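The values are calculated or read from the model by the stated rules, or taken from the named source; none is laboratory data. Everything numeric here is computed off the predicted structure, so don't read it as measured data. Cβ placement follows ideal geometry from the backbone for every residue including glycine, while neighbour counts extend to all protein chains displayed. Remember, those area values only see protein heavy atoms, side chains included, never the ligands or the DNA or RNA. Shrake-Rupley method; radii C 1.70, N 1.55, O 1.52, S 1.80 Å.
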Amino acid sequence: MSPRIVTPQNAKQLTRLRQLGERILHPTYRGQLLAFDAKSRLLVSMEQGGEGRLRWWDLQDESPHPRAVQYLPGGLAAVVLPDAQTVMSVTIGGQLQAWSAADGRALRSAPLGLTTQGIDLSRQGNLLLVAGAIGDLRLWDVTHWRPLRDLEPVPTLLYGCALSPDATLAAAGAADDRGENGTQGSIRLWDVRTGASRGAISVQASYVWAVAFAPTGNLLAAGTSTGEIVLIDVTSMQVVGTRKGPPAGAWRLSFNFDGSLLAVGADTGAFVVLRTDEGMRLYAHSDEDDSQASAAVFSPDGRFIAWGEGSAQVGLWGVET
């Protein structure tokens, strides 16, 4: 039986329902980035460090074993196209790959020509946003498998990036060099159609690790190195609130399907679930492994939260029926 949809009213009842993959204690394992397909059936994991494994599971299968495994040294992140037929991955060195979701066959690859820090797939599945380490952002045309355009470069270090639900805006977390004073965290925005910069919003932190648009597209959340989550009104480009996230740093962010909840992967082996409107912490879990940081992501149907564990397994949380 399927678990219940996770809501602000029942999120305190979250429990781990399943563990996927085998337990491996690799000395260089640093966590995982995760993504679901649009129908919440496929779950893909890109292992950071360790053996650099790209894995994905069909969640309708009761087995904990992945459908496919690819060893990808320097692998950064992966996504699933909306038709659930293709998995796309990218390495830190900027190599883009496409794989058959059915059996893991390599389909095609291309060099991006930049050192990659983050990617995000448009809801429509036709655009991939790629953030480069030294202020470059590139839009990749997934349908025609070619670069579409570069966005206006900025003189800063970039980290996680995101496309708005209608793919008209791009955002990225950044760290601006302040010389002897270290770095100043900021949130950067661009117009996707023209590629022009929409400006920057500075925050009280050294880094902004991650950004995520709410499903409505009018709110942007930014995760900082202090653990604070900054909420931005996209239309006015103004800060409209802050939420207290995990103290080690808000490393990755994921809204649920209606934007009422926010899952935050910490810069340690932990994640929390917050109410977006009030900031109340509804659930927290830690495996006390401070050498790894993993994303916590909601499934599109709202029934699961996936999180990468210190054992290199993937845990699936939900509210039991």
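Worth pointing out:
- First in segment 1-24 and touching a residue at least 40 places away in the same chain (Cβ under 8 Å) and closer than 13 Å to residue 298 by Cα, second anywhere and among the small types (Gly, Ala, Ser) and part of a loop (DSSP other than H, G, I, E, B), Cβ under 6 Å, 6 or more apart: 5/302; 6/302
- Lone qualifier among 163, 139, 151, 157 - being farther than 24 Å from residue 255 by Cα and open to solvent by less than 50 Å² (accessible area, probe 1.4 Å): 151
- Which numbered condition residue 201 misses (of (1) modelled with pLDDT of 95 or more; (2) within 27 Å of residue 257 (Cβ to Cβ); (3) under 20 Å from the mean Cα position of the chain (by Cα)): (3)
- Yes/no for residue 227 being touching a Pro at 6+ places or on another chain (Cβ under 6 Å), surrounded by 20 or more Cβ atoms within 10 Å (Cβ to Cβ) and farther than 18 Å from residue 76 by Cβ: yes
- So residue 168, is it hydroxyl-bearing (Ser, Thr, Tyr), over 18 Å from the mean Cα position of the chain (by Cα), closer than 23 Å to residue 255 by Cβ and open to solvent by 10 Å² or more (accessible area, probe 1.4 Å): yes
- Residue under evaluation residue 275, criteria (1) touching a residue at least 40 places away in the same chain (Cβ under 8 Å); (2) within 11 Å of residue 223 (Cα to Cα), criterion not met: (2)
- Residue within segment 7-22 that is at pLDDT below 95, surrounded by fewer than 22 Cβ atoms within 10 Å (Cβ to Cβ) and over 25 Å from residue 264 (Cβ atoms) present: yes
- Considering segment 124-136, and only residues there that are open to solvent by 10 Å² or more (accessible area, probe 1.4 Å) and within 17 Å of residue 190 (Cα to Cα), the residue that is modelled with the highest pLDDT turns out to be 127.
- Number of positions in segment 166-202 that are part of a loop (DSSP other than H, G, I, E, B), touching a strand residue (DSSP E or B) at 6+ places or on another chain (Cβ under 8 Å) and of a type in the set (S, T, N, Q): 1
- Residue 121 vs. criteria surrounded by 14 or more Cβ atoms within 10 Å (Cβ to Cβ), on the phi < 0 side of the Ramachandran plot, under 14 Å from the mean Cα position of the chain (by Cα) and not hydroxyl-bearing (Ser, Thr, Tyr): yes
- Taking segment 1-104 and the strands (runs of 3 or more DSSP E) fully enclosed by it, the elements with 2 or more residues that are out of contact with any helix residue (DSSP H, G or I) (no Cβ under 9 Å at 6 or more places or on another chain), closer than 20 Å to residue 286 by Cα and not charged (D, E, K, R) are at 15-20, 29-36, 42-49.
- Across segment 106-118, the qualifying residues are those that are out of contact with any Pro (no Cβ under 9 Å at 6 or more places or on another chain) and part of a strand (DSSP E or B), and the one among them that is most open to solvent (accessible area, probe 1.4 Å) is 108.
- Which listed residue, of 102, 84, is in contact with a strand residue (DSSP E or B) (Cβ under 6 Å, 6 or more places away or on another chain), open to solvent by 20 Å² or more (accessible area, probe 1.4 Å), over 28 Å from residue 249 (Cβ atoms) and not polar (S, T, N, Q): 84
- In segment 239-314, counting only strands (runs of 3 or more DSSP E) that sit wholly within it, the ones holding 2 or more residues that are open to solvent by 20 Å² or more (accessible area, probe 1.4 Å) and in contact with a Leu (Cβ under 7 Å, 6 or more places away or on another chain) span 250-255, 281-286.
- For residue 192, the criteria (1) crowded, with 16+ Cβ neighbours inside 10 Å; (2) within 18 Å of residue 230 (Cα to Cα) hold in every case but one, which is (2).
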